[in-house]
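Q: Here it is: the structure, laid out below.
The values are calculated or read from the model by the stated rules, or taken from the named source; none is laboratory data. Remember, predicted model here, so these are calculated numbers, not experimental data. No Cβ is skipped: glycine too gets one built from the backbone with ideal geometry, and neighbour counts run over all protein chains shown. We work out accessible area using only protein heavy atoms, side chains counted, and drop any ligands, DNA or RNA first. Shrake-Rupley method; radii C 1.70, N 1.55, O 1.52, S 1.80 Å.
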Amino acid sequence: MTWTESVSASFRARHDAEHADDAHQVLLSLERARERLSPTFPRAPGEVTVVLHPGPIALSLSHPLLPVMWLATAPAARRYIAGWAGRDELHMLAPSALRERASNVPGSREMLALSGACLYARLTIARSNPDLHRVMTLVRLRRELRWAWLVEGSARWYGGQTAHARPAVARRLREGAGMRSISFPPGVRDAPLLGGTVLDLLAAERGERAVARLCLRLPRAGARETLADAFGGVSSKALEQRWREHLQDVAAAV
């Protein structure tokens, strides 16, 4: 494998020399993501390097916790853990590997094609959130695990994956104990797939500004209390029921 670099106005890609065309598409996707995010998150960073890995083994070698993340994620969402975001660098599967990773169900290829945009959204939100930016690694890790539904959900929602996730959500509702195994808000196991559905419902009912406000600081109260407040003071029990109905509607629309 021969490494080379490609550059755009705000990003730099390191990749196999044979993947130059794919690298160009990733850089274009990242530039578009930055344009979309900049009005909401003024600290949307430039000068970010994205490293394109040829397959899951190479990607897992770049982050020792990545195999653990795959195992800890529900099967319906596992294939969409296709990279990770550092402080100034993104690591992800190369587009050719993303295409191989996609399933045959509608939306899978589209979700994976947005992997770079979602990773960049994650980096941007972390840069804009003082509770995640410039804190010690272990502190940040604990906070990201506690608020996984918000951290992962906001990255997937702003990155565009949630809009294509209906078939994957339907599969998750069919897995194991189905709806009974899903907590509200979603736990670490379901955060990459279902976290965005919470924000999708919030945007529909309270507007996108309500989503941005939730992302810009980690809540001081508990998750259920925070969400009840974000939805305008609705009771936590009623909100959970509305969200579960929303999940059923999402799955039924496949």
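Q: When ARG220 is evaluated against the numbered criteria (1) open to solvent by less than 20 Å² (accessible area, probe 1.4 Å); (2) under 15 Å from ASP131 (Cβ atoms), which criterion, by number, is the only one it fails?
A: (1)
Q: Further question on the same structure: Just one of TRP157, TRP147 is crowded, with 21+ Cβ neighbours inside 10 Å, within 17 Å of the chain's Cα centre (by Cα), of a type in the set (Phe, Trp, Tyr) and under 25 Å from ARG32 (Cβ atoms); which is it?
A: TRP157
Q: Sticking with this one: Of the residues that sit in the range 17-54 and are surrounded by fewer than 20 Cβ atoms within 10 Å (Cβ to Cβ), in contact (Cβ under 8 Å) with a residue 40 or more places away in the chain and out of contact with any strand residue (DSSP E or B) (no Cβ under 7 Å at 6 or more places or on another chain), which one is farthest from CYS215 (Cα to Cα)? So that I can check it myself, show each step before the final result.
A: Taking the range 17-54 first, the residues surrounded by fewer than 20 Cβ atoms within 10 Å (Cβ to Cβ) are 17-18, 20-21, 24-25, 28, 31-32, 35-36, 38-40, 42-43, 45-47, 49, 51, 54.
When the remaining residues are screened for being in contact (Cβ under 8 Å) with a residue 40 or more places away in the chain, the result is 25, 32, 36, 40, 42-43, 45, 47, 49, 51, 54.
The next check asks that each one be out of contact with any strand residue (DSSP E or B) (no Cβ under 7 Å at 6 or more places or on another chain); those that pass are 25, 32, 36, 40, 42-43, 45, 47.
Working: GLN25: 28, ARG32: 20, ARG36: 16, THR40: 10, PRO42: 13, ARG43: 13, PRO45: 16, GLU47: 23 Å.
Step by step, filter the range 17-54, then rank; the result is GLN25.
Q: Of all residues in the range 1-42, which are in a loop (DSSP other than H, G, I, E, B), modelled with pLDDT of 90 or more and hydrophobic (A, V, I, L, M, F, W, C)? Can you show your working first?
A: Let us first name the residues in the range 1-42 that are in a loop (DSSP other than H, G, I, E, B), namely 1-2, 8-10, 38-42.
From what's left, modelled with pLDDT of 90 or more: 8-10, 38-41.
Correct list: ALA9, PHE41.
Q: Have a look at THR73, THR2 and point out the one that is hydroxyl-bearing (Ser, Thr, Tyr) and either over 30 Å from ALA210 (Cα atoms) or surrounded by fewer than 15 Cβ atoms within 10 Å (Cβ to Cβ) (or both).
A: Only one candidate passes the filter, namely THR2.
Q: Another question, then. Looking at the range 158-174, is at least one residue under 22 Å from SER10 (Cα atoms), touching a strand residue (DSSP E or B) at 6+ places or on another chain (Cβ under 8 Å) and touching a residue at least 60 places away in the same chain (Cβ under 8 Å)?
A: no
Q: Would you be able to say whether some residue in the range 193-210 is in a loop (DSSP other than H, G, I, E, B), at pLDDT 90 or above and open to solvent by 20 Å² or more (accessible area, probe 1.4 Å)?
A: yes
Q: So which residues in the range 120-143 are assigned to a helix (DSSP H, G or I), touching a residue at least 60 places away in the same chain (Cβ under 8 Å) and not β-branched (Val, Ile, Thr), if there are any at all? Spell out how you get there, then give the answer.
A: Residues of the range 120-143 assigned to a helix (DSSP H, G or I): 120-128, 137-143.
If we keep only those that are touching a residue at least 60 places away in the same chain (Cβ under 8 Å) as well, we get 120-121, 123-125, 127-128, 143.
Passing the criteria: TYR120, ALA121, LEU123, ARG127, SER128, ARG143.
Q: On to the next question. In the range 9-37, which residues are closer than 15 Å to PRO95 by Cβ and among the polar types (S, T, N, Q)?
A: If the condition is that a residue be closer than 15 Å to PRO95 by Cβ and among the polar types (S, T, N, Q), then GLN25, SER29 are the ones that fit.
Q: Take the range 144-161 and flag every residue that is of a type in the set (S, T, N, Q) and part of a helix (DSSP H, G or I).
A: Within the range 144-161, just SER154 meets the criteria.
Q: Output the number of the condition that TYR80 fails; it satisfies all remaining conditions of (1) in a loop (DSSP other than H, G, I, E, B); (2) under 25 Å from LEU145 (Cα atoms); (3) open to solvent by 20 Å² or more (accessible area, probe 1.4 Å).
A: (3)
Q: Could you run through the range 211-231 and say how many residues are touching a Phe, Trp or Tyr at 6+ places or on another chain (Cβ under 9 Å) and part of a helix (DSSP H, G or I)?
A: Within the range 211-231, residues that are touching a Phe, Trp or Tyr at 6+ places or on another chain (Cβ under 9 Å) and part of a helix (DSSP H, G or I) number 7.
Q: Mind listing whichever residues of the range 99-114 are in a helix (DSSP H, G or I) and open to solvent by 10 Å² or more (accessible area, probe 1.4 Å)? Show your work before the answer.
A: Within the range 99-114, the first condition is being in a helix (DSSP H, G or I), and the residues that meet it are 99-101, 108-113.
Within the range 99-114, ARG99, GLU100, ARG101, ARG109, GLU110, ALA113 meet the criteria.
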